Amino acid sequence: DTGVSQDPRHKITKRGQNVTFRCDPISEHNRLYWYRQTLGQGPEFLTYFQNEAQLEKSRLLSDRFSAERPKGSFSTLEIQRTEQGDSAMYLCASSISQGVRNEQFFGPGTRLTVL
Amino acid sequence: AQKVTQAQTEISVVEKEDVTLDCVYETRDTTYYLFWYKQPPSGELVFLIRRNSFDEQNEISGRYSWNFQKSTSSFNFTITASQVVDSAVYFCALSERGTGANSKLTFGKGITLSVRP
């Protein structure tokens, strides 16, 4: 399987705990994106990387959220001191930055439930 | 700021009917990209089509076709002879060139399409 993969697929945690999600992009893709999707809504942009550089962060990304892509390959998204409002599907996508073929390919998502 | 509006929330059709999904966008950029994605019950977003703002030619690909009209800022998507497997949530999305050729996508709220046998 050469698509975008995410781990874990589901995470249930108690309020106040820290959680970390991982995303592995399509191997030749240099751009990686994180989105959040709540029930009945479209995905909302959180942040993106080109190689290991984090180029843009949404104001949705509070101080409790941090994302890294240390070697320009996989990425992690950490949420500290989770709140019930963090419950959502966290989607990762990747793309290539050359030419006009800029469509993003999405992974299956990590569904977070904060109790 | 960029914005995507999908006024339809739910559409139900009988198999083999044609169905058109509407999308209206707002952007200040002169170069931008429009997309349609499909999200089946399994949850994974699937890329369907991309259109660049500088190319208004409308196309047909199999049972899919799209109508891009800059004058009305619309990017409508049509499924011909719908099938039960087309049942999903469909999202229209916009990316502005000004913030980077492969920058963030702004999505609409989605349209839930149900195709009945």
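Coordinate-derived values only; no laboratory data. Computed from a predicted model, the values in this text were never measured in an experiment. Backbone-built Cβ (ideal geometry, glycine too); neighbour counts: all protein chains shown.
Some observations on this one:
- Order of B:K104, A:K14, B:K3, A:K57 - criterion: other Cβ atoms within 10 Å of each residue's Cβ, fewest first: A:K14, B:K3, A:K57, B:K104
- Long-range HN-HN contacts of B:L45 with modeled amide H, under 5 Å: none
- Cα-centre dipole for chain B with unit charges at Cβ (Lys and Arg positive, Asp and Glu negative), debye to 20: 240
- Mean-position separation - Cα centroids, the range A:14-30 and the range A:44-75, in angstrom: 10
- GNM result for chain A, Cα springs below 10 Å: residue of A:E68, A:E103, A:E78 fluctuating most strongly: A:E103
- Averaged over the residues of peptide A:87-97, the number of Cβ atoms from other protein chains lying within 10 Å of each residue's Cβ is 2.
- Packing around the peptides A:20-29, A:2-11, taken as the average count of other Cβ atoms within 10 Å per residue, puts them in this order, highest first: A:20-29, A:2-11.
- Other protein chain Cβ atoms within 10 Å, averaged over every residue that makes up B:30-43: 2
- The residues B:T30, A:T76, when put in order of fewest to most other Cβ atoms within 10 Å, stand as B:T30, A:T76.
- Two-site FRET efficiency, A:R9 against A:S73, from Cβ-Cβ distance with R₀ of 22 Å, rounded to 0.05: 0.65
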